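The values are calculated or read from the model by the stated rules, or taken from the named source; none is laboratory data. Since we're looking at a predicted model, the values are computed, not measured. Ideal geometry is used to build each Cβ from the backbone, glycine not excepted, and the neighbour counts take in all protein chains shown. The accessibility values were calculated without ligands, DNA or RNA, using every heavy atom of the protein model including side chains. Shrake-Rupley method; radii C 1.70, N 1.55, O 1.52, S 1.80 Å.
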Amino acid sequence: MSALSQLNIIQVKGLSKTVTTLEGDLPILSDITFNVKSGDSVAVVGASGSGKSTLLSLLAGLDQSTQGSIYLDGEPLHELDEEARAALRAAKVGFVFQSFMLVQSLTALENVMLPAELAGESNAKQQALELLEKVGLSHRVEHYPSQLSGGEQQRVAIARAFIGTPKILFADEPSANLDSKNGKLIESLLFDLNKLHGTTLVLVTHDEALAAKCQHVLQIEAGQLVKNTNEAVANVG
């Protein structure tokens, strides 16, 4: 593996996704190629229906491509079966969803602990308590999602995403369902924790101001990558 490959925690080459409909094959993504360096923050932007959320799902191993390759931290995600992809996500990936995706029957503390417990970590509770303190929710650990505001639920989701210190964090419109004040708080938390833990951050957003805070921008139009502000760096060597 080259020195450049070691720097690139995400490597995507010739990635395409096609779905079959009653009217025939429908291309969602076409021949996407880019790299992301470890520790970088990257915004994926584009109009609704452009394919950016599909790209995020493919990168996280939640969906499978039609063709092309994805390497996450050197692992060939495109060659793995569903069980192996799940194991890779558990070991190296965190995910923040627009709709929070918290387990309603678990407290804030239990929601954050869950990934670490599933991974068999012995200090899951301590990790969860420390993360909830970092996101300003140490006073809400025993509350259930229904007892929390939208902003608080998303902070719980961020704490959950960072437990186990993932190498890569994917965020899909993380502040879209929040008011302006809570949205800015969530965005600040993502970048602060990204820097603190050295986690690579890849987020999908419609918000130009949020995208501008990232080090690099990938713009998707009609399933094609039309802009990559990291292109000069990604293609060196």
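To the nearest 10 degrees, how steep is helix 108-118 against the longest Cα principal axis of the chain, on a 0 to 90 scale?
With both axes taken from Cα atoms, the answer is about 60 degrees.
Got a sec? Charge dipole of the chain, +1 on Cβ for Lys and Arg, -1 for Asp and Glu; which of 146, 215, 228 is way out at the positive end?
Positive-end residue among those listed: 215.
Hey, any idea what % of the chain's accessible area is carbon plus sulfur with a 1.4 Å probe? Mind dumping the intermediate values first?
On the way: 5620 of 11480 Å².
Reported share for carbon and sulfur atoms: 49 percent.
I'd like to know which of 65, 109, 95 lies farthest towards the positive end of the charge dipole of the stretch 60-120, counting +1 on Cβ of Lys and Arg and -1 on Cβ of Asp and Glu.
109
What does the C-alpha gyration tensor say about the overall shape of the stretch 78-186? Classify as rounded when a/c is under 1.5, otherwise prolate if a/b is larger than b/c, or oblate. List each step's numbers first, then the result.
Numbers: a/c = 1.97, a/b = 1.32, b/c = 1.49.
Oblate.
Taking Cα centroids, how far is the stretch 11-81 from the stretch 150-169 in Å?
Using only Cα atoms to place each centre, the spacing works out to 23 Å.
Near residue 181, which aspartates and glutamates are there with a Cα under 19 Å away, not counting those fewer than 8 places off in the same chain?
Correct list for residue 181: 152, 172, 173, 192, 207, 208.
Please give me the summed charge of the neighbours of residue 139: other residues whose Cβ is under 15 Å from its Cβ, Lys and Arg +1, Asp and Glu -1.
The answer is -1.
What nm distance separates the two modelled labels at residue 48 and residue 206, each placed 7 Å from Cα along Cα→Cβ?
Placing both labels 7 Å along Cα→Cβ, they lie 0.5 nm apart.
Determine the calculated [θ] at 222 nm for the chain from helices alone, applying -39500 (n - 2.57) to every DSSP H run no shorter than 4 residues and normalising by the residue count; nearest 500 deg cm²/dmol.
Details: 9 runs with 87 residues, N = 237.
The per-residue figure over the chain is -10500 deg cm²/dmol.
Specify which residue in the list 78, 21, 53 is farthest towards the positive end of the charge dipole of the stretch 1-85, using unit charges on the beta carbon of Lys, Arg (+1) and Asp, Glu (-1), about the Cα centre.
53
Nearest 20 debye, what's the magnitude of the dipole of the chain about its Cα centre given +1 on Lys and Arg Cβ and -1 on Asp and Glu Cβ?
Working: 18 positive and 27 negative charges, 113 e Å.
For this selection, approximately 540 debye.
Using Cα positions and a limit of under 30 Å, work out the lysines in reach of residue 184, with same-chain residues fewer than 8 apart set aside.
Partners within reach: 37, 52, 92, 125, 134, 167, 195, 213, 227.
Counting pairs of alpha carbon atoms under 8 Å apart in space and at least six apart in sequence, what relative contact order in percent does the chain give? Mind showing how you got there, number by number?
Values: 438 pairs, mean separation 65.5, N = 237.
Relative contact order, the chain: 28 percent.
On the Cα set of the chain, report Rg and Dmax in Å, please.
For the chain, the Cα radius of gyration and maximum Cα-Cα distance read 17.7, 53 Å.
Let me know the charge dipole size of the stretch 1-109 about its Cα centre in debye, to the nearest 20, where only the beta-carbon of Lys, Arg (+1) and Asp, Glu (-1) is charged.
Taking the Cα centre of the stretch 1-109 as origin, the dipole is about 360 debye.
Treating each Cα of the stretch 11-84 as an identical point scatterer and ignoring solvent, apply the Debye formula and state log10 I(q)/I(0) at q = 0.16, 0.17, 0.26 Å⁻¹.
Each listed q maps to, in turn, -0.59, -0.67, -1.37.
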